[in-house]
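S.K.: Below you will find the structure I want to go over with you.
The values are calculated or read from the model by the stated rules, or taken from the named source; none is laboratory data. For clarity, every value in this text was computed on a predicted model and none was experimentally measured. Note: ideal-geometry Cβ built from the backbone for every residue, glycine included; neighbour counts use all protein chains shown.
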Amino acid sequence: MQASHNSRETGRDAMRALMLEKDAAGAFRASVQSLDPSALPPGDVRVAIEYSTLNYKDGLAITQKAPVVRSWPMVAGIDGAGTVLHSEHPAFKPGDRVVHNGWGLGETRWGCLAEQASLQGDGLVKLPSAISTRQAMAIGTAGYTAMLCVMALEDHGLKPAAGDVLVTGASGGVGSVAVALLARGGYRVVAATGKAHEADYLQALGAAQVIDRAELAAPGKPLQKERWAAVVDAVGSHTLVNALAQTRYGGAVAACGLAQGGDLPGSVMPFILRGVSLLGVDSVMAPLDRRQLAWQRLARDLDPQSLERMVTEVDLDGAVAAAQRLMDGQVRGRVVVKVGP
Ligand code: NDP
């Protein structure tokens, strides 16, 4: 991947930010506003944000579809990548290129859909030199979570020779990156999608086969024909239960999402009769060493051309409309938000 450098000089001028607000009557508003950077919360690293992104959780927050925001007003954006302006943290100095994912940003702490962010150095990751700030946000929490899922399956012992790996929610952010990573790692990837018209896109990312997500979406038998050596599931609910019921003896399912639902309406049969493992994957509070490893692996294992295929780019003013499209299921892959100049 190619590095890009785009730093700004000072943190003094007014900055633009996507603010989420509720008025006294509880009416919600999402709008781009100009702020004095002195309004930013305390933090030991000040970052000039060059790119941010829209993850599923950003979509929920910006459209107020779910109670993601815990404190008002809030600057949106759970992810950001940019250049350090000022640091009181020993690990960072001005000019360092950094990426931030999660840790409550955009939920309890002002986020990165803004020209500057005040962050905690203990949660920041230095970008590997091979990844530009734009590529970092093309990956974002969605892609970094896909990497955590692949790492969880590898830690379980998964190897390409074990057989087919299913990816659900395949045309979404987590799914697209998981397909690309697994295919490049030599796995035979089966992509489950509700968007038949995205079959070419998924095959270009490396899927060997594309199936209709309807095959997995309805209630099924507790044990079904053994199809998958492993699964990356971004969907939850009946899809996750059917994926477990179709996983081969000793296989594993990495569960990270709930696009279909947060319920788990299944049975213990795959666990107790086939030794199947259900591996939970969380990105928000993942420890720093795990994050650093995930970003190193992304730099090494994610094909930049595949990543670019996933990207739609908008600017800060286009972020609210793009968040609505994401929630309406009209977005393929990843949305990058250009924040800086
Ligand atoms: P996207 O919106 O980009 O993708 C979600 C995909 O899920 C869609 O593109 C669609 O794929 C599929 N989908 C949507 N609705 C349904 C449905 N009703 N039934 C079955 N499939 C559906 O979101 P992300 O990829 O960014 O995130 C995916 C999930 O992972 C979300 O639930 C998110 O909250 C979660 N997540 C969790 C993280 C963690 O730390 N555990 C971190 C990041 C995300 P298709 O059209 O191809 O079927």
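S.K.: Tell me yes or no: at least one residue of the range 246-255 is of a type in the set (Gly, Ala, Ser), surrounded by fewer than 20 Cβ atoms within 10 Å (Cβ to Cβ), part of a loop (DSSP other than H, G, I, E, B) and away from the ligand (no atom under 16 Å from the Cβ).
M.R.: No; the residues of the range 246-255 include none that is of a type in the set (Gly, Ala, Ser), surrounded by fewer than 20 Cβ atoms within 10 Å (Cβ to Cβ), part of a loop (DSSP other than H, G, I, E, B) and away from the ligand (no atom under 16 Å from the Cβ).
S.K.: On to the next question. Evaluate the following for Asp282: is it in contact with a helix residue (DSSP H, G or I) (Cβ under 9 Å, 6 or more places away or on another chain) and more than 16 Å from the ligand (Cβ to nearest atom)?
M.R.: no
S.K.: Something else: Name every residue in the range 117-133 that is among the polar types (S, T, N, Q) and in a strand (DSSP E or B), in order of residue number.
M.R.: Ser118
S.K.: Might you check whether a residue that is within 11 Å of the ligand (Cβ to nearest atom), closer than 19 Å to Leu182 by Cα and in the same structural domain as Gly186 (by TED's automatic domain parsing) occurs anywhere in the range 258-272?
M.R.: No, the range 258-272 contains no residue that is within 11 Å of the ligand (Cβ to nearest atom), closer than 19 Å to Leu182 by Cα and in the same structural domain as Gly186 (by TED's automatic domain parsing).
S.K.: Got at least one residue in the range 306-315 being of a type in the set (A, V, I, L, M, F, W, C), outside any strand (DSSP E or B) and more than 19 Å from His238 (Cβ to Cβ)?
M.R.: Yes, the range 306-315 contains at least one residue that is of a type in the set (A, V, I, L, M, F, W, C), outside any strand (DSSP E or B) and more than 19 Å from His238 (Cβ to Cβ).
S.K.: Name the residues in the range 296-341 that are modelled with pLDDT under 95, over 16 Å from the mean Cα position of the chain (by Cα) and surrounded by fewer than 15 Cβ atoms within 10 Å (Cβ to Cβ), would you?
M.R.: Asp328, Gln330, Pro341 - these are the residues of the range 296-341 that are modelled with pLDDT under 95, over 16 Å from the mean Cα position of the chain (by Cα) and surrounded by fewer than 15 Cβ atoms within 10 Å (Cβ to Cβ).
S.K.: Of the conditions (1) surrounded by fewer than 22 Cβ atoms within 10 Å (Cβ to Cβ); (2) touching a Pro at 6+ places or on another chain (Cβ under 6 Å), Val276 clears all except one; give me its number.
M.R.: It fails just one condition, (1).
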